[in-house]
Amino acid sequence: CGNPVTENMLDLFLHTNALSGTLPSERCLAKRSNAAKLRILRANNNTISGTIPEGLLCGNLAAERMLDLSLHNNALSGTLPTETCLAQRSNDSVLTRFAVQDNKISGTIPEGLVCGSPVADRMDRLDLSANALSGTLPSEVCLVSRSTNAALRVFRVSENQISGTIPEGLVCGNLAADRME
């Protein structure tokens, strides 16, 4: 983090190796300059553990440029990014794919991943399946507020401990729901 080589890197593909350890620390990520260009980080199919640092998604312009964050099939734990983190992202944020399925992530699904934030309006693929998530699906109020331009086409939360009812707005009710697979 914070050196000229990594500042200019656009895509980093580390998937399907024998990588272990943790993702870069918040301290490391805070050192990245606003000029950092990383758009794609794919480190899926490894044995990476620890938590997902919010600095990968929030906190500076470098995080705003993240287009595809694929960390599925690892040993990640902790929770998903907080509502506070997601609310910090600007209208220029470009994250379209967030894939963290097949980990050990717990807690609830922040509504800002699905609706009510710039992240939600641009997200095309959100895969949270096969974790230890609990709570409920995004609320009806959240889903009704989704922009008709919302891009989310794939929303996977299977194989978790989600409870409650299926909100009608998840399946029907606006043009955004009509685009989901």
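Of the residues 70, 77, which single one is of a type in the set (Gly, Ala, Ser) and in contact (Cβ under 8 Å) with a residue 40 or more places away in the chain?
70
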Those residues of segment 38-62 that are out of contact with any Lys or Arg (no Cβ under 8 Å at 6 or more places or on another chain), open to solvent by less than 30 Å² (accessible area, probe 1.4 Å) and outside any helix (DSSP H, G or I) come to a total of 9
Within the group 51, 22, 47, 16, which residue is of a type in the set (Ser, Thr, Tyr) and on the phi > 0 side of the Ramachandran plot? 16
Within segment 58-94, considering residues that are acidic (Asp, Glu) and under 14 Å from the mean Cα position of the chain (by Cα), the one modelled with the highest pLDDT: 68
Could you check, for segment 110-132, whether at least one of its residues is open to solvent by 60 Å² or more (accessible area, probe 1.4 Å), over 29 Å from residue 16 (Cα atoms) and touching a helix residue (DSSP H, G or I) at 6+ places or on another chain (Cβ under 7 Å)? yes
Do the conditions hold for residue 90, that is, is it in contact with a helix residue (DSSP H, G or I) (Cβ under 7 Å, 6 or more places away or on another chain), open to solvent by less than 30 Å² (accessible area, probe 1.4 Å) and on the phi < 0 side of the Ramachandran plot? no
Yes/no for residue 65 being crowded, with 18+ Cβ neighbours inside 10 Å, in contact with a Phe, Trp or Tyr (Cβ under 8 Å, 6 or more places away or on another chain) and free of Cβ contacts under 8 Å to residues at least 60 places away in the same chain: no
Suppose we filter segment 133-149 for residues that are modelled with pLDDT under 85, among the hydrophobic types (A, V, I, L, M, F, W, C) and either within 22 Å of residue 68 (Cβ to Cβ) or crowded, with 18+ Cβ neighbours inside 10 Å (or both); how many remain? 2
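The values are calculated or read from the model by the stated rules, or taken from the named source; none is laboratory data. No experiment lies behind these values; they were computed from the predicted model shown. For neighbour counting, all protein chains shown are included, and Cβ atoms are generated from backbone atoms with ideal geometry for every residue, glycine included. The accessibility values were calculated without ligands, DNA or RNA, using every heavy atom of the protein model including side chains. Shrake-Rupley method; radii C 1.70, N 1.55, O 1.52, S 1.80 Å.
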